[in-house]
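Colleague: Before I ask anything, here is the structure I am working with.
The values are calculated or read from the model by the stated rules, or taken from the named source; none is laboratory data. Given the structure is predicted, the values throughout are model-derived calculations rather than measurements. All Cβ positions, glycine included, derive from the backbone under ideal geometry; neighbour counts span all protein chains shown.
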């Protein structure tokens with residue numbers, strides 16, 4: 001299963017399981033595998049030159065199953081301490097090894113998770129969307 | 001025009017208002033009342049309050065969260081009714097959701113098309129709320145929405161939550177404490193919470209059918225079965241809402257009281273006047289905000305967001321309050337809000353130090369300068385509850401018209 005920290009080689013199998021279509025685009029230091037999920041949400045996986053997924057980003061009417069998208073990092077995310085007063089519409093988990101940002105409201109969610117230590121060189125956070 | 005249904009329910013509505021009086025908390029500190037909104041006199045007005053929430057403790061209380069009180073009845077009954085306070089007022093979602101923990105009524109459950117119970121996984125950016133769809137008669141002020149599909153969150157009879165649902169958020173928000181409210185009244189520009197996507201696609205992520213032994217599958221939910229914005233179901237005053245709140249001076253206030261007014265141009269107290277009218281796109285409810293030279297097309301008004309959320313790399317972020325801004329001195333900023341109709345207006349807002357503001361004022365439920373990043377979307381600008389302070393904000397629902405326009409639009 002392709003997930004954060006996992007191998008992008010599993011993406012084809014994942015897409016089949018999710019009944020999603022995959023579109024791949026190459027960038028200087030990474031590839032983006034974009035899947036249209038059955039819910040209508042677009043999930044993008046960012047894989048480095050070795051094929052390791054270092055970021056995932058989503059946008060659309062539903063939040064994807066993050067247990068799948070975050071893989072081994074889901075438990076870190078699920079157990080992370082929340083910011084006081086963070087409210088219903090915004091969530092940010094910021095740890096040395098994992099950042100998760102989720103925002104939005106019904107019909108229009110966006111979010112991303114990335115591994116700050118695993119970003120390929122010259123990769124801007126602005127590109128991880 | 002007098003609506004017979006409202007007259008019929010008059011006694012019960014009065015009961016609701018009396019309860020409101022005890023939780024409203026008196027005059028708004030730090031500001032004056034806006035407009036002539038007399039809660040007790042008008043049948044289309046219900047009091048709203050910003051306070052510390054239903055389960056406030058010294059270390060965990062609500063900030064910039066707007067609440068009201070509603071009455072639910074078993075459909076068709078005038079005696080099996082319950083008045084529930086601390087229902088969050090949310091222009092960012094549609095539909096009424098009540099925590100099972102706060103509900104004493106036994107409401108009829110909605111069945112899915114396959115005959116099993118219809119359940120919903122309501123997604124919020126920070127968590128999920130799971131529970132069955134049920135039917136109730138809603139009374140709020142003098143308005144009634146009969147046979148309203150609502151969601152009951154955290155019903156112990158449906159404790160098994162599908163993995164696709166638990167995977168969609170960080171935590172379950174299925175108790176009054178974790179939800180921060182006894183329920184939520186979604187009065188966005190949309191008529192349904194999900195819409196046609198959920199009516200045609202079984203893998204929509206929201207609606208499931210579940211057998212009595214807890215086996216759940218995703219399922220289509222016809223738009224009439226979905227959890228609905230209740231306002232269009234009112235006999236009159238059904239084209240939208242107005243949230244009217246007093247200005248709150250810096251650094252904040254312990255409580256703020258205001259009004260939620262139903263209908264636009266339907267009564268003497270809800271005329272459009274000369275407000276700025278910003279139409280929004282029909283799919284996401286977005287308009288455009290021009291801020292710091294950038295045109296941000298994913299902008300929205302959301303009373304359910306507890307701050308102003310936008311990206312500005314020049315403002316210092318907090319160290320402990322991750323995602324909020326913590327400038328050394330409060331910054332006074334402005335931005336231009338522009339509708340799809342090309343109409344624009346400028347709004348000023350303040351960005352204070354979130355840590356200092358909340359730590360120095362632990363009793364404040366209203367903090368107008370609370371702001372943070374919207375880091376997952378560089379095209380977004382979320383005008384949360386601080387925007388509503390000192391304004392009278394109309395939310396007009398899709399497919400509904402007022403004297404001055406057709407929804408979806410906001411006006412203020």
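Colleague: Of the numbered conditions (1) assigned by TED's automatic domain parsing to the domain that holds residue B:383; (2) part of a strand (DSSP E or B), residue B:284 fails exactly one; give the number of that condition.
Modeller: Residue B:284 satisfies all of (1) assigned by TED's automatic domain parsing to the domain that holds residue B:383; (2) part of a strand (DSSP E or B) except (2).
Colleague: Can you work out which of the residues in the range B:358-374 that are farther than 18 Å from residue B:348 by Cα and not in a loop (DSSP other than H, G, I, E, B) is farthest from the other protein chains (Cβ to nearest Cβ)?
Modeller: B:360
Colleague: Under 7 Å between Cβ atoms, which residue pairs at least 6 apart in sequence (or on different chains) link something in the range B:222-234 that is more than 20 Å from residue B:140 (Cβ to Cβ) with a partner that is at pLDDT 95 or above and outside any loop (DSSP other than H, G, I, E, B)?
Modeller: As it stands, the answer is B:222/B:199; B:223/B:192; B:223/B:199; B:225/B:118; B:225/B:133; B:225/B:149, since those pairs meet every condition given.
Colleague: What number of residues within the range B:130-154 satisfy the criterion of being out of contact with any helix residue (DSSP H, G or I) (no Cβ under 6 Å at 6 or more places or on another chain) and under 13 Å from residue B:208 (Cβ atoms)?
Modeller: 3
Colleague: Pull up the range B:167-197, narrow it to residues that are at the interface with chain A (Cβ under 9 Å from one of its Cβ atoms) and without any contact (Cβ under 8 Å) to a residue 40 or more places away in the chain, then point me to the one that is farthest from the chain's Cα centre (by Cα).
Modeller: Restricting to residues being at the interface with chain A (Cβ under 9 Å from one of its Cβ atoms) and without any contact (Cβ under 8 Å) to a residue 40 or more places away in the chain, the top hit is B:167.
Colleague: Which one of these does residue A:50 not meet: (1) touching a residue at least 12 places away in the same chain (Cβ under 8 Å); (2) assigned to a loop (DSSP other than H, G, I, E, B); (3) surrounded by fewer than 21 Cβ atoms within 10 Å (Cβ to Cβ); (4) out of contact with any helix residue (DSSP H, G or I) (no Cβ under 8 Å at 6 or more places or on another chain)?
Modeller: Among (1) touching a residue at least 12 places away in the same chain (Cβ under 8 Å); (2) assigned to a loop (DSSP other than H, G, I, E, B); (3) surrounded by fewer than 21 Cβ atoms within 10 Å (Cβ to Cβ); (4) out of contact with any helix residue (DSSP H, G or I) (no Cβ under 8 Å at 6 or more places or on another chain), the lone unmet condition for residue A:50 is (1).
Colleague: Then there's this: Would you point out the residue of the range A:86-109, among those that are over 19 Å from residue B:171 (Cβ atoms) and within 7 Å of chain B (Cβ to nearest Cβ), that is surrounded by the fewest Cβ atoms within 10 Å (Cβ to Cβ)?
Modeller: It comes out as A:108.
Colleague: Considering every residue within the range B:158-165, establish whether at least one is free of Cβ contacts under 8 Å to residues at least 40 places away in the same chain, within 10 Å of another protein chain (Cβ to nearest Cβ) and surrounded by fewer than 18 Cβ atoms within 10 Å (Cβ to Cβ).
Modeller: Scanning the range B:158-165 turns up at least one residue that is free of Cβ contacts under 8 Å to residues at least 40 places away in the same chain, within 10 Å of another protein chain (Cβ to nearest Cβ) and surrounded by fewer than 18 Cβ atoms within 10 Å (Cβ to Cβ).
Colleague: So if I check each of B:377, B:382, which one is buried (at least 20 other Cβ atoms within 10 Å of the Cβ), within 11 Å of chain A (Cβ to nearest Cβ), in contact (Cβ under 8 Å) with a residue 60 or more places away in the chain and assigned to a strand (DSSP E or B)?
Modeller: Just one listed residue meets the conditions, B:382.
Colleague: Checking residue B:207 against (1) within 30 Å of residue B:337 (Cα to Cα); (2) crowded, with 23+ Cβ neighbours inside 10 Å, only one condition comes out false. Which one?
Modeller: Looking at each condition in turn, residue B:207 falls short on (1).
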